[in-house]
Structures are given as C-alpha cells and as structure tokens.
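In what follows, a structure is listed as structure tokens, so that the remarks can point back to it.
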Amino acid sequence: MKFCSSCGSAEITLTIPEGDNRPRYVCPLCQEIFYHNPKIVAGCIAEWQGKVLMCKREIEPRYGKWTLPAGFMENHETTLEAAARETQEEATAQVENLSLYTMYNLPHINQVYVMFRGDLVEGHASPGLESSEVALMDEQEIPWQELAFPIIKENLELYFQDRRSNHFTLHYGDMRRLPNMSYEIERY
Ligand SMILES: [Zn+2]
C-alpha cells in the first residue's frame, strides 16, 4: 500500500510493531497499523431434481470457465447470507434449506472457502451480472476440464461422492498450491 488511509501520509513502512511478531504496514505519522488478514469466500451447491446449479464466468479471472456460485463475503453479513446473495447475483436464483457443507483453507492465497448445500427454489436460474450462462448439471454433465478453480472441483467431487453413498457430511480441509503449480489437498 502507498498511502495511509487514515491521514493520507505517503510514508507507509513495513515494520514489526511493538508487541507483535510479524511485519505489518504501519503509518509512521499517525501510527495506524494496517492488518492484512484472510478473506472468506462463501458459496452454494444449489440442487434441483438431482442436478447442481453451475455458472459460466463472464468476468476475470477464469473468464469462460464454469464454477459454483460463490464470492467474497461483505461486511455486516453472515456466511450463509453471503452464499445466498452470491447465488442471487450470479445466477438470479433463490436457495433455501441451506446447510454448511465444506470449509477449506487456501493458505497460499489467504482465503477460506465456506460452501453451503441447499435447494434451488423452483429450479429457477438465469445468468446474473457475472455469468454468461447458467445450467443445471448432473455428474456426467459437469465440464470437469473446464472448471474455474481447483477448490470448485474438490467441492463437486465431494458432493457427487456423498450423493452416491447418500450420506452428506461436513467436509473440512486444506488445499495448497505447490511450487510446481499442482495442488495438495488434505481432508480432515
Ligand atoms: Zn497515517
């Protein structure tokens, strides 16, 4: 960061504040400390008659790739509200009976993914602002080679695996990108 958002100073420095143990951006004029912490991404696996609601991205990154409706949580909302709002924004769809389904740490990009599972109301969906297309897909219809993010693939794999055994449970894990750009997944 270049400017202090508190006093406008352009002298932001990276330093370890007293009593802390890691470098922070600090304004030497007003002493404001700017903490950078992980962001929460919330989303939905919305089901309708055995199919899952998928969105084709009309925004970068991964323009044209398929994803589950999900996005950054806003201030003053809950994770569940964020998941439902993203589904509304990206697929013009209402969801109900949501329950927490997966929570994954993505430490290499400082994100935590919180995904819910629930019913797509009346099976209605249409492309929202960030989608060029939406579709209800069964396991065979999922474009496995055209998914936007590895974490979306992980969620869909868990989902169809649970569906086959007809036993849905909460999944908690970590996904890390390795130096060779492959991904390491640890499921707890
Ligand atoms: Zn300042």
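Criterion first (open to solvent by 70 Å² or more (accessible area, probe 1.4 Å), over 27 Å from L136 (Cα atoms) and out of contact with any Lys or Arg (no Cβ under 6 Å at 6 or more places or on another chain)) does E18 satisfy it? Lay out the reasoning, then the answer.
Working: open to solvent by 70 Å² or more (accessible area, probe 1.4 Å): yes; over 27 Å from L136 (Cα atoms): yes; out of contact with any Lys or Arg (no Cβ under 6 Å at 6 or more places or on another chain): yes.
Yes: the conditions hold for E18.
State the number of residues belonging to region 1-38 that are of a type in the set (D, E, K, R), within 14 Å of the ligand (Cβ to nearest atom) and over 25 Å from F72 (Cα atoms).
To start, the set of residues in region 1-38 that are of a type in the set (D, E, K, R) comprises 2, 11, 18, 20, 22, 24, 32.
In the following step, the residues that additionally are within 14 Å of the ligand (Cβ to nearest atom) were identified as 2, 11, 24, 32.
In the following step, the residues that additionally are over 25 Å from F72 (Cα atoms) were identified as 11, 32.
Total meeting the criteria: 2.
For residues that are of a type in the set (G, A, S) and touching a residue at least 60 places away in the same chain (Cβ under 8 Å), scanning just region 100-126, find the one that is surrounded by the most Cβ atoms within 10 Å (Cβ to Cβ).
First pass over region 100-126, keeping only residues of a type in the set (G, A, S): 118, 123, 125-126.
With touching a residue at least 60 places away in the same chain (Cβ under 8 Å) added as a condition, the list becomes 118, 123, 125.
Numbers: G118: 20, G123: 14, A125: 26.
Top of the filtered list is A125.
Is it the case, given these coordinates, that E60 is in a loop (DSSP other than H, G, I, E, B), under 16 Å from F149 (Cα atoms) and more than 16 Å from the ligand (Cβ to nearest atom)?
On the way: in a loop (DSSP other than H, G, I, E, B): yes; under 16 Å from F149 (Cα atoms): yes; more than 16 Å from the ligand (Cβ to nearest atom): yes.
Yes.
Restricting to region 39-59, and then to whatever is closer than 24 Å to T78 by Cβ and charged (D, E, K, R), can you tell me which residue is surrounded by the fewest Cβ atoms within 10 Å (Cβ to Cβ)?
That would be K39.
Of the conditions (1) surrounded by 14 or more Cβ atoms within 10 Å (Cβ to Cβ); (2) within 16 Å of the ligand (Cβ to nearest atom); (3) among the β-branched types (V, I, T), T79 clears all except one; give me its number.
(2)
Of the conditions (1) open to solvent by less than 50 Å² (accessible area, probe 1.4 Å); (2) more than 15 Å from the chain's Cα centre (by Cα), T92 fails just one. Which one is it?
(1)
Quick test for you: out of E81, E141, E133, pick the one residue that is assigned to a helix (DSSP H, G or I) and acidic (D, E). Walk me through how you get there before you give the answer.
On the way: E141 fails: assigned to a helix (DSSP H, G or I); E133 fails: assigned to a helix (DSSP H, G or I).
Of E81, E141, E133, the one residue that is assigned to a helix (DSSP H, G or I) and acidic (D, E) is E81.
Residues checked against (1) assigned by TED's automatic domain parsing to the domain that holds R62; (2) open to solvent by less than 40 Å² (accessible area, probe 1.4 Å); (3) closer than 22 Å to H108 by Cβ:
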position: G128; (1), (2), (3): yes, yes, no
position: S131; (1), (2), (3): yes, yes, no
position: M137; (1), (2), (3): yes, yes, no
position: N155; (1), (2), (3): yes, yes, yes
position: R164; (1), (2), (3): yes, no, no
position: Y172; (1), (2), (3): yes, no, yes
position: M175; (1), (2), (3): yes, yes, yes
position: L178; (1), (2), (3): yes, no, yes
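Report, by residue number, each residue of region 1-38 that is in a loop (DSSP other than H, G, I, E, B), of a type in the set (S, T, Y) and more than 29 Å from the chain's Cα centre (by Cα).
Of region 1-38, the ones in a loop (DSSP other than H, G, I, E, B) are 1-12, 16-23, 27-32, 35-38.
Filter again for of a type in the set (S, T, Y), leaving 5-6, 9, 35.
S6, S9, listed by residue number.
The values are calculated or read from the model by the stated rules, or taken from the named source; none is laboratory data. Being a predicted model, the structure only gives us computed values, none of them experimental. For neighbour counting, all protein chains shown are included, and Cβ atoms are generated from backbone atoms with ideal geometry for every residue, glycine included. Accessible surface areas use protein heavy atoms only, side chains included; no ligands, DNA or RNA. Shrake-Rupley method; radii C 1.70, N 1.55, O 1.52, S 1.80 Å.
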